[in-house]
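Okay, so here's the structure we're looking at.
The values are calculated or read from the model by the stated rules, or taken from the named source; none is laboratory data. Note that the coordinates shown come from a computational prediction; the quantities given were computed from them, not determined experimentally. Here the Cβ positions follow ideal geometry from the backbone for every residue, glycine too, while neighbour counts run over all protein chains shown. Calculation scope for accessible area: heavy atoms of the full protein, side chains included, ligands and nucleic acids excluded. Shrake-Rupley method; radii C 1.70, N 1.55, O 1.52, S 1.80 Å.
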Amino acid sequence: MTNVANGPQAGVDAPAGQHLELPGGRVHLLRGGEGEPLLFLHAAGGAGRWHEFHRLLARGFEVFAPDHPGFGGSDEFADVEAIDDLVYHYLDVLDALGLDRPHVVGGSFGGWIAAELAVAAPHRVGSLVLLSPAGLRLPEHPVADLFLMSPEQLLVTLFDDPAKAAGLFPPEPDLDFVLASYRDQSALARFSWVPFLANPKLERRLHRITAPTLVVAPSGDRLIPAAHARRYAERIPGARLIEVGDCGHAMYFERPAEFADITTAFLAEHSLARGATG
């Protein structure tokens, strides 16, 4: 059952806030735009807010942007303890929303979830875009430990131009922002502490993905090295890889228009209607 706070749909600039009632609790999501359905799975940061990247995607798609369990406005979902639980959680979310095979776009941690979803339930993903996804274990290219970073270190790790960080890190965070960030980081640790931001079994399962797939990464990513995106593209059948220079890991915060253009061009090329008839 769903409880829609602001109507079933809303515009590009003013998304509808919605709660989905699932057996383990409530999922908060934002929903805006019109067109083919697009499920957006957020990174470790940015939950619960409608960012410029969402707004640009919603010009051509109906965007569904849920908060992961324990993030943003979603409940904790105590039984959702690991990445495989998140896969089944999002299958429940798709069912509750009545979405059969939407486009799925995931960034970083959300890209990992999106990949796992496409592996476990390939028939539920119409097309797939992975934005510098986590999830792989590449000892020769380790992921930086964001849990050990100071706010200043995190800023320069995520952004090539830290001046662009205002959409993710307000210049003067208030107590509510600090508490929300702590809750989000605690949830991230629950799903990714050991092994760190990876499922060692995922790489050998990527061949199960059948959706048209685009992998995008900053070539100089200082959090998740671009080698991870390259490995995803190598292992997913038919996947396309795009690397972009002069940008940090927080790509869709730092350069939202460019990455929205890259994403929407690929999704338009792989229309769900065309896939259903072809």
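Annotations for the structure displayed:
- Test: residue in segment 206-216 that is open to solvent by 50 Å² or more (accessible area, probe 1.4 Å), among the β-branched types (Val, Ile, Thr), in contact (Cβ under 8 Å) with a residue 24 or more places away in the chain and not in a loop (DSSP other than H, G, I, E, B): no
- In segment 232-271, the residues that are under 15 Å from Phe61 (Cβ atoms), open to solvent by less than 30 Å² (accessible area, probe 1.4 Å) and touching a Gly at 6+ places or on another chain (Cβ under 7 Å): Tyr252
- For segment 34-44, the set of residues classified as surrounded by 24 or more Cβ atoms within 10 Å (Cβ to Cβ) and either assigned to a loop (DSSP other than H, G, I, E, B) or free of Cβ contacts under 8 Å to residues at least 12 places away in the same chain (or both) consists of His42, Ala43, Ala44, listed by residue number.
- Residues in segment 114-133 include none that are assigned to a helix (DSSP H, G or I) and within 15 Å of Gly46 (Cα to Cα).
- The set of residues in segment 217-231 being open to solvent by 40 Å² or more (accessible area, probe 1.4 Å) and either outside any loop (DSSP other than H, G, I, E, B) or within 17 Å of Gly110 (Cα to Cα) (or both) consists of Arg230, Arg231.
- Positions within segment 250-264 being of a type in the set (Gly, Ala, Ser) and either under 14 Å from the mean Cα position of the chain (by Cα) or more than 28 Å from Thr157 (Cα to Cα) (or both), in sequence order: Ala250, Ala260
- Val27 touching a strand residue (DSSP E or B) at 6+ places or on another chain (Cβ under 8 Å), β-branched (Val, Ile, Thr) and more than 10 Å from Val63 (Cβ to Cβ): yes
- One residue alone among Arg59, Arg55, Arg101, Arg49 is over 22 Å from Tyr252 (Cα atoms) and surrounded by fewer than 24 Cβ atoms within 10 Å (Cβ to Cβ), and that residue is Arg101.
- For segment 104-156, the set of residues classified as among the small types (Gly, Ala, Ser), open to solvent by 30 Å² or more (accessible area, probe 1.4 Å) and at pLDDT 95 or above consists of Ala120 only.
- For segment 65-98, residues that are open to solvent by less than 50 Å² (accessible area, probe 1.4 Å), more than 23 Å from Leu202 (Cβ to Cβ) and either of a type in the set (A, V, I, L, M) or in contact with a Phe, Trp or Tyr (Cβ under 7 Å, 6 or more places away or on another chain) (or both) total 3.
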